[in-house]
Amino acid sequence: YAKKSENKYSKNLVDYKMNYTFLGYNSNDFAISKSEAGSIESSVLRFGFGDKEGLGYEIDNDVSIVPYRASALLWTQLSVKNLPADTLAAATVNLFNESFRFGRQTEAGVLVQFTKNSGISLGYEYSVIFPRHLFWYWAGSEVLESIAQGAVDNFIRKIAQSSPSAAPIVSFLLKNGISYGMYELRKKNMNWPFNTAPAMSYSAFKIGVNLAF
């Protein structure tokens, strides 16, 4: 569910918010070139829910450019075949293999809306998957990031009042900068700043076509 509304500080800016659920499946079987015999093969099934928000420029009533940040909770099942046994890699992968694991997904990107009902989005997605879900440590880490993001939101509101044209860029850089910094910290310490196990991480570039009804 997406909502675009006029920003209260400038008629040339728009506030964009979207709540969503997703389901995805990736596999070596989809590759154009087939894997060599005996090579490691993997597939990933994942689902979750999240939200996307951004402050953007409205070119006219229907056309807009919105830099955004998205955040989601997800559950991921990794399936790996032909992994050599008795190796450090095998011991690590077996913490995740054939089991659903909880994790966190974040995305930075730009939505370009050509008409009221259509557009494209370009994004960079990065995720961490936890070998175990330690609720209180996870909650503490999330609270710290939420405090930082809330402080940025207050700062952006002041920027929008004084320099509206700069607000979307400043918002995009600061909010995604915090998210990416937390991603790097959680790769080595899944519930940073608490001393916990490393998380599995992956990232991808994305391009999408958006249709609204």
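Quick rundown of the values:
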item: Condition met for Y137 (under 17 Å from M182 (Cα atoms) and either open to solvent by 40 Å² or more (accessible area, probe 1.4 Å) or not in a strand (DSSP E or B) (or both)); result: yes
item: Verdict on Y183 being farther than 21 Å from Y16 by Cβ, open to solvent by 40 Å² or more (accessible area, probe 1.4 Å) and in contact (Cβ under 8 Å) with a residue 40 or more places away in the chain; result: no
item: Answer from A90, A31, A108 - the residue that is more than 18 Å from M200 (Cβ to Cβ), surrounded by fewer than 17 Cβ atoms within 10 Å (Cβ to Cβ) and either at pLDDT 90 or above or small (G, A, S) (or both); result: A31
item: Which numbered condition K188 fails, given (1) surrounded by fewer than 14 Cβ atoms within 10 Å (Cβ to Cβ); (2) in contact (Cβ under 8 Å) with a residue 60 or more places away in the chain; (3) closer than 14 Å to S127 by Cα; result: (2)
item: Criterion violated by P131 - all others in (1) touching a Lys or Arg at 6+ places or on another chain (Cβ under 8 Å); (2) of a type outside the set (S, T, N, Q); (3) under 20 Å from M18 (Cβ atoms) satisfied; result: (3)
item: Search result, residues across the stretch 176-192 that are of a type outside the set (F, W, Y), touching a helix residue (DSSP H, G or I) at 6+ places or on another chain (Cβ under 6 Å) and assigned to a loop (DSSP other than H, G, I, E, B); result: N191
item: Which listed residue, of V80, V44, V14, is surrounded by 15 or more Cβ atoms within 10 Å (Cβ to Cβ) and modelled with pLDDT under 85; result: V80
item: Enumeration of residues in the stretch 120-134 that are over 23 Å from V66 (Cα atoms) and surrounded by 15 or more Cβ atoms within 10 Å (Cβ to Cβ); result: V128, I129, F130, P131, L134
item: Test for I147: is it more than 20 Å from F22 (Cβ to Cβ) and either among the hydrophobic types (A, V, I, L, M, F, W, C) or open to solvent by 50 Å² or more (accessible area, probe 1.4 Å) (or both); result: yes
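The values are calculated or read from the model by the stated rules, or taken from the named source; none is laboratory data. Owing to the predicted nature of the structure, the values given are computational and were not obtained by experimental measurement. No Cβ is skipped: glycine too gets one built from the backbone with ideal geometry, and neighbour counts run over all protein chains shown. Heavy atoms of the whole protein, side chains included, go into the accessibility calculation; ligands, DNA and RNA do not. Shrake-Rupley method; radii C 1.70, N 1.55, O 1.52, S 1.80 Å.
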